[in-house]
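First up is the structure itself, then whatever we jot down about it.
What follows is calculated from the coordinates using simple rules that are stated; it is not laboratory data. Owing to the predicted nature of the structure, the values given are computational and were not obtained by experimental measurement. Cβ: placed from backbone, ideal geometry, glycine included. Neighbour counts: every protein chain shown.
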Amino acid sequence: MPATVVLLHGFAGTGRAWDPVVERLDRERYTALAPDLRGHGIAREARPISFDACVDDVLAAAPQRFTLCGYSMGGRIALHVALSAPERVERLVLVATTAGIDDEADRAARRADDERLAAFAETATIEEFADRWAAQPLFAGTPADAARRWRADILRNDPRALAAVLRGLGAGAMVPLWDRLGDLTMPADVMAGERDAKFVALATQRLVPALPSARLVVVPGAGHGLPREAPAAVAAAIARR
């Protein structure tokens, strides 16, 4: 019977963001479950939008044991899921993510940035929001094909719902988890793209040392958007024993 892998997308995405990865998974080995997280896609109306509510959604939809993979915001949610039910998570794959902002001043500054973006989202079209989100330096150098797939996925969202996500699930709203990572003893792969300097540093200097059974995967030539830029590498990390 195929094992289940639960795939949690990033902010302003949907479960469809994982299509290029799912296409590369061996269907005889894996069944993929890629839900739209609260405030996104078909779950845009789900409330409240909080980490606890997302954890409940994932655990309710997943089987008793599963591999858990999360990208960016989805990686932060994956950490919450794994900490809530570590006995259910066989393996953990963290893609271009963090365990939170532990400096209070930096976290407050991020909340302020997220609030400004949320205010913009409340009056913008989804096309305008997609333009602004994709223009960030974090995503510079995204290959054209990946950028097209990414934009199509963003357009499956509603900007007013994304504003609520920024306020409920933004990095500034999240209580950091760094001091709890030692409890996650399941095998873990921590991934970052070679061009994504911030998240390579987080993976190398903080996540891998903090997780008891983690290994580092830096994907050559890739940036922050690994599920769309390097889906084969992500699928390989999921399938690695």
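Here are the numbers for the structure shown:
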quantity: Mean Cα-pair separation over length for region 152-241, i.e. relative contact order, pairs under 8 Å, 6 or more apart, %; calculated: 25 percent
quantity: Built amide H within the under 5 Å cut-off of G39, gap 5+; calculated: R44, E45, A46
quantity: Ranked by how many other beta carbons lie within 10 Å on average, peptides 66-76, 90-100 from highest; calculated: 66-76, 90-100
quantity: Distant-in-sequence amide H partners of A3 (H built 1.01 Å from N, under 5 Å); calculated: Y30, T31
quantity: Structure-derived Rg/Rh (Cα atoms, Kirkwood Rh) - corresponding label in [x] 0.93; [y] 1.13; [z] 0.95; calculated: [x]
quantity: Inter-label distance for R206 and E194, nm, one decimal - labels placed 7 Å from Cα along Cα-to-Cβ; calculated: 2.5 nm
quantity: Per-pair calculated FRET efficiency, R0 = 35 Å: Q64 and A109 via Cβ, rounded to 0.05; calculated: 0.30
quantity: Gaussian network model of the chain, Cα within-10 Å springs - most flexible of P227, P48, P159; calculated: P48
quantity: Distant-in-sequence amide H partners of A85 (H built 1.01 Å from N, under 5 Å); calculated: none
quantity: Prolate/oblate/rounded call for region 83-170, Cα gyration tensor, a/c under 1.5 rounded; calculated: oblate
quantity: Contact order normalised by residue count of the chain, Cα under 8 Å, 6+ apart, percent; calculated: 25 percent
quantity: Extended-chain gain in nm, criterion 0.36 nm per residue less alpha-carbon gap, E128 and T185; calculated: 16.3 nm
